[in-house]
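Engineer: Below are the structure tokens for one structure; questions will follow.
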Amino acid sequence: MAVYTLAFIAYAVDVARRSAVRSVPAAARELVGAGGPTSATGPDPSAPLAPALPGRGARIGFTLTVLAWVLHLGGALLRGLAAGRVPWANMYEFALTGVAVIVGVFVLSRLWKDLNFLGVFMTGIAVVFLGTATVNYYVAPTPLPPALQTYWLVIHVFVATLATGLMGLGTGLSVLQLIKERRDNGFLRSLPTPVQLEDLAYRVGVIGFIFWTFTLIAGAIWAEHAWGRYWGWDTKEVWTFVIWVIYAGYIHARATRGWRGSRSAWLQIIGFTAIIFNFTIVNQFFTGLHAYSGL
């Protein structure tokens, strides 16, 4: 958490620097730098803005994020060794592993596309989620209940965490899309266009939806092995299906109904909010066969 916090600060400093640079037209900076006179009325708002190069803050932030992620993976691995099983059998462990997957998707995205502009969002999520899990959900390693003593625990929960990581990344892109649609100054001028952010969020959301679909199917198969039925209207099962419906609606509305722009972004955000609700409120305040996922 300490290293993630340092990464968050480095990214925030870079955002502030780039905001200051992007807020001054290039022509005005050239005049001032050459010692030339400045206009009494201020810089021309129609003058082109000079491109903001990737700053030292972003490079430091990413390096610290990678370091924090390696330490994070080490912590998850040691938790699994201490428990003698995979480290995702309760809320604390799922949060530990889930945040590692979210950050891992962000880090590995550099192999596909530079998403450093999401650094503040992703490291902030890591600090908040890990802090909340450590303070409120921590439990000592315990043996698995009989229903969890199966290879389906590895398959079902890991795919669910991977889907959550992808959907979290897509939500970050959707949040930036909404902000950029309303404001386009300072640091925001250096980001991709709202259309580009929306397309990225949609692609990531579709991949996450595929994994979530497998999560739903694997959960039903596991339920048949554990309880003798594929579906029992358990609260956790219902909310997993609700999340699937929201993301299916998001993909369908955007692909066939022309829901673009802010409506598309809000659907993605609502879907991820439902995931957080499922993990927190459902696990803590609803009873059912998935009670072992609580404290």
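The values are calculated or read from the model by the stated rules, or taken from the named source; none is laboratory data. Note that this is a predicted model, so its numbers are computed, not measured. Cβ: placed from backbone, ideal geometry, glycine included. Neighbour counts: every protein chain shown. Remember, those area values only see protein heavy atoms, side chains included, never the ligands or the DNA or RNA. Shrake-Rupley method; radii C 1.70, N 1.55, O 1.52, S 1.80 Å.
Engineer: I'm checking my understanding of the structure. Among residues of segment 133-150 that are within 29 Å of the chain's Cα centre (by Cα), at pLDDT below 90 and farther than 15 Å from Gly75 by Cα, which one is most open to solvent (accessible area, probe 1.4 Å)?
Structural biologist: Per the criteria, the residue is Asn136.
Engineer: Can I ask one more? Of all residues in segment 181-239, how many are farther than 30 Å from Phe286 by Cα and among the aliphatic types (A, V, I, L, M)?
Structural biologist: So the count comes out to 7.
Engineer: Which of the numbered conditions does Thr273 fail, given that it passes all the others? Conditions: (1) open to solvent by 60 Å² or more (accessible area, probe 1.4 Å); (2) over 16 Å from the mean Cα position of the chain (by Cα).
Structural biologist: (2)
Engineer: Could you grab the pairs with beta carbons closer than 6 Å, sequence gap of 6+ or different chains, first residue in segment 223-244 and at pLDDT 85 or above, second one open to solvent by 60 Å² or more (accessible area, probe 1.4 Å) and not in a loop (DSSP other than H, G, I, E, B)?
Structural biologist: Between residues of segment 223-244 that are at pLDDT 85 or above and residues that are open to solvent by 60 Å² or more (accessible area, probe 1.4 Å) and not in a loop (DSSP other than H, G, I, E, B), the close pairs are Tyr230/Glu224.
Engineer: Does segment 208-231 hold any residues that are surrounded by fewer than 17 Cβ atoms within 10 Å (Cβ to Cβ) and touching a Leu at 6+ places or on another chain (Cβ under 8 Å), and which are they?
Structural biologist: The one that is surrounded by fewer than 17 Cβ atoms within 10 Å (Cβ to Cβ) and touching a Leu at 6+ places or on another chain (Cβ under 8 Å): Trp227.
Engineer: Please state which one of Val157, Val175, Val128, Val120 is open to solvent by 60 Å² or more (accessible area, probe 1.4 Å) and either in contact (Cβ under 8 Å) with a residue 12 or more places away in the chain or part of a helix (DSSP H, G or I) (or both).
Structural biologist: Checking each option against the conditions leaves just Val128.
Engineer: Based on this model, can you work out whether Arg203 counts as of a type outside the set (Gly, Ala, Ser) and open to solvent by 50 Å² or more (accessible area, probe 1.4 Å)?
Structural biologist: Judged against the criteria, Arg203 is a match.
Engineer: Any residue at all in segment 87-99 that's without any contact (Cβ under 8 Å) to a residue 60 or more places away in the chain, open to solvent by less than 50 Å² (accessible area, probe 1.4 Å) and not in a helix (DSSP H, G or I)?
Structural biologist: Checked against the condition, which is being without any contact (Cβ under 8 Å) to a residue 60 or more places away in the chain, open to solvent by less than 50 Å² (accessible area, probe 1.4 Å) and not in a helix (DSSP H, G or I), segment 87-99 yields at least one hit.
Engineer: Would you mind stating whether Val66 is open to solvent by less than 30 Å² (accessible area, probe 1.4 Å), farther than 30 Å from His225 by Cα, in contact (Cβ under 8 Å) with a residue 40 or more places away in the chain and part of a helix (DSSP H, G or I)?
Structural biologist: The answer is no for Val66.
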